[in-house]
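Here is the structure we will look at, set down as structure tokens.
The values are calculated or read from the model by the stated rules, or taken from the named source; none is laboratory data. This structure is a prediction, so every number in the text was calculated from the model and none was measured. Cβ sites come from the backbone with ideal geometry, for glycine too, and all protein chains shown count toward neighbours. Note: accessible area is taken over every heavy atom of the protein model, side chains too, but ligands, DNA and RNA are not part of it. Shrake-Rupley method; radii C 1.70, N 1.55, O 1.52, S 1.80 Å.
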Amino acid sequence: MTGAKGGLGGAIALALAQQGVDLVLSDRPGQGLSALVPPLQQFGVTVATVEADLTDRSASPNLISAAEEELGPLDILINNAGMEVISPWNKRTPENIGAEIELNLIAPMLLTQAALPGMVSRGRGHILTISSIGGMLALPYLLGYAASKHGIAAYNRALAGEVREHGVRVTTVFPGLVRDAGMGARYTDWLVPPRYRKLTTKTPQQVGAAVVKGLRTGQSELVVSATPARPLAVLTAIRPEITIGIFEGVRRQWGPILDANLGYDDALSEAR
């Protein structure tokens, strides 16, 4: 599993360990992955760690090889690593646009490409990727994030049509606003008053439970959102001007709050 040290990563790893899944955890160098190991081992599972910088394209096949050296043939790949840059369009740069596309889209594609040959040859396997509600709805201030998350969702849909006959399942999980941990927790605290937070957000543990459900059922897509993401996505496909207008109103309400808290001297970048 990539992005293991982030808030969602820890919750997903715990949910999998509780189900008896052996784990190879990965994140960027220097993130302190070893601290995750003892709490997970108490569930009687094997837990190994492999550092990898997935913005280096050569790291993806090397990570799959290292994981197989630790556990043997891989039955599951969890693509969880991700980042988001929160910024209006006029504060975006080629560097931060490229970084989002590289980590959120290219890296999981390359990891999947590296893991698939073994899975196909064995006639079993499961690719599960954490996308985002931003992969269903195009939200202002998240231009590169929305593009990359839409992209990985489309990749998974296309891939599923190619590999299912070989016994390989493909699942995409779409978290909405998540409180307490993960990329969106900080600005969720700014944007959502405490009395409404439980009604409008989900927890990292609920995302972990969705991952377990996806692996058990083979369901193609699962949405973990307190807001009606799927109906809005359907409306976007039918009448995009309506949802563009809705999110324009959201930007007018939330933009000044983000402006006041972030400043945008440098676009805020968060990693999962």
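Annotations
- Annotation: amide H-H contacts under 5 Å for V178 (H modelled 1.01 Å from N, sequence separation of 5 or more, or interchain): G184, K202.
- Average accessible area per residue (Å²) across segment 33-84 - probe 1.4 Å, nucleic acids and ligands excluded: 48 Å²
- Take 211-224, 191-204 and order them by the average number of nearby Cβ atoms within 10 Å per residue, most first; the result is 211-224, 191-204.
- Using the Karplus relation 6.51 cos²θ - 1.76 cosθ + 1.60 with θ = phi - 60°, the per-residue 3J(HN,Hα) values for segment 216-230 come to 6, 9, x, 4, 5, 9, 10, 9, 10, 8, 7, 9, x, 5, 5 Hz, with x marking Gly and Pro.
- Here is how the number arises for the chain: DSSP H runs of 4 or more residues each give -39500 (n - 2.57), the sum is divided by the residue count, and the result at 222 nm is -15500 deg cm²/dmol.
- For the chain, modelled as a GNM whose springs connect Cα atoms under 10 angstrom apart, the maximal fluctuation among A59, A15, A35 occurs at A35.
- Of the solvent-accessible surface of the chain, computed with a 1.4 Å probe over protein heavy atoms with every protein chain present, carbon and sulfur atoms account for 54 percent.
- With K and R counted +1 and D and E -1, the other residues having a Cβ less than 10 Å from that of A146 yield a net charge of -1.
- Multiplying the residue separation of K213 and S34 by 0.36 nm and subtracting their alpha-carbon distance yields 61.8 nm.
- Relative contact order for the chain, counting Cα pairs under 8 Å that sit 6 or more residues apart, in percent: 22 percent
- Alpha carbon centroid spacing (whole Å) that separates segment 181-240 from segment 29-99: 22 Å
- ³J(HN,Hα), Karplus 6.51/-1.76/1.60, whole Hz, each residue of segment 110-117, x for Gly, Pro: 5, 4, 5, 4, 6, 7, 5, x
- Each peptide in 61-72, 166-177 receives the mean, over its residues, of other Cβ atoms within 10 Å, and ordering these scores from highest gives 166-177, 61-72.
- Debye log10 I(q)/I(0) at q = 0.07, 0.08, 0.12, 0.13 Å⁻¹ for the chain, Cα point scatterers: -0.24, -0.31, -0.72, -0.85
- Rounded to the nearest 10 degrees, the inclination of helix 59-71 to the longest alpha-carbon principal axis of the chain is 50 degrees.
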